[in-house]
1. Here is a list of conditions, (1) open to solvent by 50 Å² or more (accessible area, probe 1.4 Å); (2) touching a helix residue (DSSP H, G or I) at 6+ places or on another chain (Cβ under 7 Å); (3) modelled with pLDDT of 95 or more; (4) not hydroxyl-bearing (Ser, Thr, Tyr), and residue 162 meets all of them except one; can you say which number that is?
2. Being under 22 Å from residue 107 (Cβ atoms) and small (Gly, Ala, Ser) is the filter here; which residues of region 1-51 pass it?
3. Taking the stated definitions as given, is residue 72 surrounded by 19 or more Cβ atoms within 10 Å (Cβ to Cβ) and either within 30 Å of residue 86 (Cα to Cα) or not hydroxyl-bearing (Ser, Thr, Tyr) (or both)?
4. For residue 28, are the conditions met, namely being more than 21 Å from the chain's Cα centre (by Cα) and open to solvent by 40 Å² or more (accessible area, probe 1.4 Å)?
5. What is the residue count in region 116-148 for residues that are open to solvent by less than 50 Å² (accessible area, probe 1.4 Å) and either in contact (Cβ under 8 Å) with a residue 60 or more places away in the chain or part of a helix (DSSP H, G or I) (or both)?
6. What's the number of the only condition in (1) assigned to a loop (DSSP other than H, G, I, E, B); (2) loosely packed, with under 14 Cβ neighbours inside 10 Å that residue 112 fails to meet?
7. List pairs: first in region 162-181 and over 20 Å from residue 152 (Cβ atoms) and assigned to a helix (DSSP H, G or I), second open to solvent by less than 40 Å² (accessible area, probe 1.4 Å) and not polar (S, T, N, Q), Cβ under 7 Å, 6+ apart or cross-chain?
Amino acid sequence: MRITKEPEERKQEILDTAMRIFYEKGYEKTSITDIARAIGVAQGLCYRYFPSKEVLFDRAVEQYAEKLVSRFSILPKAESRTLKELIETMPLTAETEGDGYYQTFHAAENKKFHDQLTLKVCQKLAGIVSELLEQAKARGEIQVEDVQTAASFCVYGQIGILMEEGMAPEEKERRIRGFLLYALRL
(Lines give C-alpha, C1' and ligand atoms only; values in the text may rest on other atoms or scores of the structure.)
Protein backbone atom coordinates (compact mmCIF):
# COMPACT_ATOMS: atom_id res chain seq x y z
CA MET A 1 0.00 0.00 0.00
CA ARG A 2 1.31 3.40 -1.00
CA ILE A 3 1.69 5.96 1.78
CA THR A 4 1.29 9.57 0.76
CA LYS A 5 3.06 12.21 2.81
CA GLU A 6 3.24 15.96 2.67
CA PRO A 7 6.26 17.14 0.60
CA GLU A 8 8.11 18.67 3.56
CA GLU A 9 7.54 15.57 5.67
CA ARG A 10 8.80 13.30 2.87
CA LYS A 11 11.79 15.52 2.25
CA GLN A 12 12.71 15.41 5.94
CA GLU A 13 12.26 11.65 6.00
CA ILE A 14 14.71 11.33 3.09
CA LEU A 15 17.23 13.61 4.82
CA ASP A 16 17.00 11.78 8.14
CA THR A 17 17.25 8.35 6.52
CA ALA A 18 20.20 9.42 4.40
CA MET A 19 22.11 10.71 7.40
CA ARG A 20 21.46 7.48 9.29
CA ILE A 21 22.71 5.39 6.37
CA PHE A 22 25.71 7.69 5.83
CA TYR A 23 26.59 6.96 9.45
CA GLU A 24 26.04 3.20 9.13
CA LYS A 25 27.63 2.55 5.72
CA GLY A 26 29.69 5.67 5.10
CA TYR A 27 28.97 8.39 2.58
CA GLU A 28 30.94 6.84 -0.28
CA LYS A 29 29.26 3.44 0.06
CA THR A 30 25.72 4.86 0.24
CA SER A 31 23.61 5.31 -2.87
CA ILE A 32 20.29 6.97 -3.48
CA THR A 33 18.98 3.44 -4.08
CA ASP A 34 20.03 2.47 -0.52
CA ILE A 35 18.20 5.48 0.90
CA ALA A 36 15.04 4.81 -1.12
CA ARG A 37 15.08 1.13 -0.15
CA ALA A 38 15.41 2.00 3.56
CA ILE A 39 12.37 4.26 3.33
CA GLY A 40 10.42 1.86 1.14
CA VAL A 41 9.92 4.22 -1.77
CA ALA A 42 10.99 4.34 -5.40
CA GLN A 43 14.41 5.79 -6.10
CA GLY A 44 12.79 8.39 -8.36
CA LEU A 45 10.97 9.89 -5.38
CA CYS A 46 14.29 10.69 -3.73
CA TYR A 47 15.54 12.29 -6.95
CA ARG A 48 12.34 14.35 -7.09
CA TYR A 49 13.47 16.15 -3.92
CA PHE A 50 17.25 15.91 -4.30
CA PRO A 51 18.85 15.69 -7.77
CA SER A 52 21.96 13.98 -6.36
CA LYS A 53 23.45 12.50 -3.23
CA GLU A 54 25.72 15.55 -2.96
CA VAL A 55 22.77 17.97 -3.01
CA LEU A 56 21.02 15.84 -0.39
CA PHE A 57 24.08 15.92 1.85
CA ASP A 58 24.60 19.67 1.38
CA ARG A 59 20.99 20.27 2.42
CA ALA A 60 21.49 18.11 5.53
CA VAL A 61 24.60 20.14 6.46
CA GLU A 62 22.71 23.39 5.91
CA GLN A 63 19.75 22.23 8.00
CA TYR A 64 21.89 20.96 10.88
CA ALA A 65 23.98 24.15 10.85
CA GLU A 66 20.77 26.22 11.08
CA LYS A 67 19.65 24.14 14.05
CA LEU A 68 22.97 24.63 15.83
CA VAL A 69 23.14 28.36 15.12
CA SER A 70 19.60 28.85 16.42
CA ARG A 71 20.93 27.78 19.82
CA PHE A 72 23.38 30.69 19.72
CA SER A 73 20.78 33.25 18.70
CA ILE A 74 21.10 35.61 21.62
CA LEU A 75 20.29 38.88 19.88
CA PRO A 76 16.81 39.32 21.38
CA LYS A 77 18.26 38.84 24.88
CA ALA A 78 21.42 40.81 24.15
CA GLU A 79 20.07 44.33 24.37
CA SER A 80 20.10 44.52 28.16
CA ARG A 81 23.52 42.89 28.53
CA THR A 82 26.97 44.22 27.81
CA LEU A 83 29.22 42.52 25.28
CA LYS A 84 31.50 41.49 28.13
CA GLU A 85 28.57 39.78 29.89
CA LEU A 86 27.62 38.01 26.67
CA ILE A 87 31.15 36.71 26.14
CA GLU A 88 31.40 35.55 29.74
CA THR A 89 28.16 33.54 29.47
CA MET A 90 27.97 32.49 25.81
CA PRO A 91 27.83 28.81 24.94
CA LEU A 92 30.91 27.65 23.07
CA THR A 93 29.30 24.62 21.52
CA ALA A 94 25.76 23.87 20.52
CA GLU A 95 26.00 20.18 19.75
CA THR A 96 24.97 17.36 22.01
CA GLU A 97 25.18 13.63 21.41
CA GLY A 98 21.39 13.45 21.33
CA ASP A 99 21.13 15.64 18.24
CA GLY A 100 19.79 13.83 15.22
CA TYR A 101 22.85 14.08 12.98
CA TYR A 102 25.52 14.22 15.71
CA GLN A 103 26.77 10.67 15.18
CA THR A 104 27.16 11.10 11.44
CA PHE A 105 29.21 14.26 11.79
CA HIS A 106 31.35 12.91 14.62
CA ALA A 107 32.22 9.48 13.25
CA ALA A 108 36.00 9.23 12.79
CA GLU A 109 35.69 8.48 9.07
CA ASN A 110 33.49 11.55 8.58
CA LYS A 111 35.96 14.23 9.68
CA LYS A 112 35.49 16.03 6.34
CA PHE A 113 31.76 16.22 7.09
CA HIS A 114 32.41 17.76 10.48
CA ASP A 115 34.83 20.28 8.99
CA GLN A 116 32.22 21.25 6.41
CA LEU A 117 29.61 21.65 9.15
CA THR A 118 32.01 23.75 11.23
CA LEU A 119 32.58 26.19 8.38
CA LYS A 120 28.85 26.41 7.65
CA VAL A 121 28.08 27.18 11.31
CA CYS A 122 30.82 29.84 11.35
CA GLN A 123 29.46 31.39 8.17
CA LYS A 124 26.03 31.70 9.77
CA LEU A 125 27.35 32.91 13.13
CA ALA A 126 29.50 35.65 11.60
CA GLY A 127 26.43 37.75 10.84
CA ILE A 128 25.07 37.37 14.36
CA VAL A 129 28.41 38.29 15.92
CA SER A 130 28.79 41.23 13.56
CA GLU A 131 25.42 42.57 14.71
CA LEU A 132 26.39 42.11 18.37
CA LEU A 133 29.65 43.99 17.79
CA GLU A 134 27.80 46.80 15.97
CA GLN A 135 25.48 47.14 18.97
CA ALA A 136 28.43 47.18 21.39
CA LYS A 137 30.20 49.77 19.25
CA ALA A 138 27.08 51.97 19.18
CA ARG A 139 26.90 51.77 23.00
CA GLY A 140 30.57 52.76 23.27
CA GLU A 141 31.68 49.42 24.74
CA ILE A 142 34.27 48.71 22.04
CA GLN A 143 36.36 50.77 19.68
CA VAL A 144 36.52 48.64 16.54
CA GLU A 145 36.83 50.26 13.14
CA ASP A 146 36.20 47.18 10.98
CA VAL A 147 33.38 45.26 12.66
CA GLN A 148 33.13 42.68 9.85
CA THR A 149 36.79 41.66 10.25
CA ALA A 150 36.50 41.59 14.04
CA ALA A 151 33.41 39.38 13.78
CA SER A 152 35.20 37.00 11.43
CA PHE A 153 38.15 36.70 13.81
CA CYS A 154 35.83 36.20 16.78
CA VAL A 155 34.00 33.36 15.02
CA TYR A 156 36.54 31.64 12.78
CA GLY A 157 39.43 32.20 15.19
CA GLN A 158 37.93 29.74 17.66
CA ILE A 159 38.09 26.76 15.31
CA GLY A 160 41.67 25.78 16.13
CA ILE A 161 40.98 25.65 19.85
CA LEU A 162 37.56 23.99 19.53
CA MET A 163 39.02 21.24 17.31
CA GLU A 164 41.95 20.57 19.66
CA GLU A 165 41.44 16.98 20.80
CA GLY A 166 43.84 16.95 23.73
CA MET A 167 42.38 19.96 25.54
CA ALA A 168 39.66 19.78 28.19
CA PRO A 169 36.43 21.64 27.34
CA GLU A 170 36.89 23.93 30.36
CA GLU A 171 40.37 24.91 29.14
CA LYS A 172 39.04 25.61 25.65
CA GLU A 173 36.34 27.80 27.17
CA ARG A 174 38.83 29.67 29.36
CA ARG A 175 41.18 30.36 26.44
CA ILE A 176 38.49 31.48 24.00
CA ARG A 177 36.72 33.76 26.46
CA GLY A 178 40.02 35.20 27.65
CA PHE A 179 41.20 35.94 24.15
CA LEU A 180 37.92 37.52 23.05
CA LEU A 181 37.88 39.77 26.11
CA TYR A 182 41.52 40.72 25.48
CA ALA A 183 41.14 41.26 21.71
CA LEU A 184 38.05 43.43 22.12
CA ARG A 185 39.62 45.24 25.10
CA LEU A 186 36.75 44.44 27.44
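The values are calculated or read from the model by the stated rules, or taken from the named source; none is laboratory data. Since this is a predicted model, take the numbers as computed values, not measurements. Positions of Cβ are backbone-derived with ideal geometry, glycine not excepted, and every protein chain shown enters the neighbour counts. Note: areas computed on protein heavy atoms with side chains; ligands, DNA, RNA excluded. Shrake-Rupley method; radii C 1.70, N 1.55, O 1.52, S 1.80 Å.
1. Only one criterion is unmet by residue 162, namely (3).
2. Matches in region 1-51: 18, 26, 31, 38.
3. no
4. Details: more than 21 Å from the chain's Cα centre (by Cα): yes; open to solvent by 40 Å² or more (accessible area, probe 1.4 Å): yes.
When the stated conditions are applied, residue 28 passes them.
5. Step one: of region 116-148, the residues open to solvent by less than 50 Å² (accessible area, probe 1.4 Å) are 117-118, 121-122, 125-130, 132-133, 135-136, 140-142, 144, 147.
Going one step further and asking which of them are either in contact (Cβ under 8 Å) with a residue 60 or more places away in the chain or part of a helix (DSSP H, G or I) (or both), we end up with 117-118, 121-122, 125-130, 132-133, 135-136, 147.
Count: 15.
6. (1)
7. Listed by first residue and then by second, the contacts come to 173/92.
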